[in-house]
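Coordinate-derived values only; no laboratory data. In this text the structure is predicted, and so the values were computed from the model without any measurement. Reconstructed Cβ throughout: ideal geometry from the backbone, glycine too, with neighbour counts over all protein chains shown.
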Amino acid sequence: MSVKENFLEIKQIVEGAAKKAGRNPEEIIILGASKTQPVEKLIEAYEAGLRYFGENRVQEGMKKIEALKGYKDIHWHLIGGLQTNKAKYAVKHFELIHSLDRKELADEIDKRAKKEGKIQSVLIEVNVGEEESKYGVKPADLEELFEYTLQKENINVLGLMCIPPYSEDKEASRPYFALLRNLRDKLEEKFNKKLPHLSMGMSNDFDVAVEEGATIVRIGTRLFGERNY
Ligand SMILES: *Cc1c(COP(=O)(O)O)cnc(C)c1O
């Protein structure tokens, strides 16, 4: 199938899952996870109507942003783990950073955003499966990081992000998605701050994520086809 056909199918699945959960499909953003994909594929997706793109690496993202600068209304998100020494470029080029997971990075993002005269929107990435190999703050340490970040003048936290442990069975992701939603609800209540976004769900489980409250689903292979690593 073409990228366009994939996109239309993904949209339908999102709509179906939203209806099932009694949600408005329009509040759900489909984000194309475009790492390693060639620019031509991104353009195909754009022409099919995709306006949100998520890149994993700052450098690769900057190249794509440059290549697509003639295409209007694109929202560029950084979805991969962020090294502190790249925060400067992340702040310069990305509208939303999904991967804030430590105080040191919050310090650096805040400092760089100040220099840019910008309020940087971020999500806090939570390591919901407490996996050694994954980015993200542990659920037990989330509140402390959140409170710390709230004090940063040039950062606005808009919600949470997660990547559950990999499984062939999409239902295995459901409890992790529910956990992320519950963590969000608790923070909202305790700190009296709206956290509109839950970034969760990828190619194999995004319908389940929508049922559990996702507002941003990050889709790579299902949209663009296999990656060329
Ligand atoms: C690659 C990636 C995705 C998309 O993965 P697919 O399984 O190809 O849909 C989503 N989120 C992040 C953070 C990724 O790195």
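Amide hydrogen proximity for residue 159: with H placed 1.01 Å from N in the peptide plane, the residues at 5 or more positions away or on another chain lying under 5 Å are 124, 197. Of 28, 219, 74, the sequence from fewest to most neighbouring Cβ atoms within 10 angstrom is 74, 28, 219. Looking at region 127-228, the GluC sites (Glu not before Pro) that sit in a DSSP loop and have at most 12 other Cβ atoms within 10 Å of their own Cβ are 130, 132, 153, 168, 226.
What the Cβ-Cβ distance of residue 227 and residue 130 gives, at R0 = 35 Å and to the nearest 0.05, is a FRET efficiency of 0.85.
In this simple spin-label approximation, residue 169 and residue 193 carry label points 7 Å from Cα along the Cα→Cβ vector, and these lie 3.7 nm apart.
Computed from the C-beta positions of residue 24 and residue 2, the FRET efficiency with R₀ = 22 Å rounds to 0.20. Other residues lying with their Cβ under 13 Å from the Cβ of residue 128 contribute a combined charge of -2, Lys and Arg counting +1, Asp and Glu -1.
The phi-based Karplus calculation (6.51 cos²θ - 1.76 cosθ + 1.60; θ = phi - 60°) puts the 3J(HN,Hα) values of region 87-99 at 4, 3, 6, 4, 5, 5, 10, 10, 6, 9, 9, 8, 10 Hz, whole numbers, x for Gly and Pro. Using +1 at the Cβ of each Lys and Arg and -1 at the Cβ of each Asp and Glu in the chain, identify which of 175, 50, 165 lies farthest towards the dipole's positive end. Positive-most Cα among the choices belongs to 50.
Couplings 3J(HN,Hα) for region 45-62, derived from phi with the Karplus relation 6.51 cos²θ - 1.76 cosθ + 1.60 (θ = phi - 60°), are 5, 4, 5, 7, x, 5, 10, 10, 10, x, 10, 8, 10, 4, 4, 4, x, 4 Hz, where x marks Gly and Pro.
Of the residues 97, 204, 127, the one whose Cα sits farthest towards the positive end of the charge dipole of the chain is 97 (charges of +1 on Lys and Arg Cβ, -1 on Asp and Glu Cβ, taken about the Cα centre). Using the Cα centre of the chain as origin and beta-carbon charges of +1 (Lys, Arg) and -1 (Asp, Glu), tell me which of 155, 223, 70 is placed farthest towards the positive end of the dipole. Working it through, the farthest residue towards the positive pole turns out to be 70. If only the Cβ of Lys and Arg carry +1 and only the Cβ of Asp and Glu carry -1, the dipole of region 132-226 around its Cα centre is close to 260 debye. Think of each Lys and Arg Cβ as +1 and each Asp and Glu Cβ as -1; about the Cα centre, that makes the dipole of region 3-223 roughly 760 debye. Restricting to the chain, compute how many DSSP beta bridges are antiparallel as a %, nearest 5. Of those bridges, close to 0 percent are antiparallel. Translational diffusion of the chain was estimated from the Stokes-Einstein equation, with Rh taken as the Kirkwood radius over Cα pairs; at 25 °C and 0.890 mPa s the coefficient is 138 µm²/s.
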